[in-house]
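Before any comments, here is the structure.
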């Protein structure tokens, strides 16, 4: 359960940037430090996720997250979402081209400075989100 919750949180907060940790904490009714501990990569910082917390987080993150948690415990008609949403290669390639342009423009002078870094970081996050359905991380959530 802990691995699934960590993957769900990292995807929603760090990769897709749909939420902040603060928003998830507020909307789920959990403490911010708990959310951060569920997301931790350091084994010393990882906290076991209780089912009630996992469900509260999943409700905030959406239907797929709820289904993922319910499938883990074998509840009702929930099933693992083995089949990803239909992946459109053309859309992914178009998104890659679109989001590569700001990085190429910023790097044209051979460096990415402090002004360009936020633009390139946002573009890189969008590239990651575009290719996420093709990666092994797509199976984690």
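We did not get these values from a lab; they are worked out from the coordinates using the rules stated. These numbers come from a predicted model, not from an experiment. All Cβ positions, glycine included, derive from the backbone under ideal geometry; neighbour counts span all protein chains shown.
Can you tell me how many residues in the range 1-18 are under 18 Å from residue 66 (Cβ atoms) and either surrounded by fewer than 19 Cβ atoms within 10 Å (Cβ to Cβ) or touching a residue at least 60 places away in the same chain (Cβ under 8 Å) (or both)? Final tally of qualifying residues: 11. Scoring residue 39 on the criteria (1) over 19 Å from residue 125 (Cβ atoms); (2) touching a helix residue (DSSP H, G or I) at 6+ places or on another chain (Cβ under 8 Å) leaves a single failure, condition (1).
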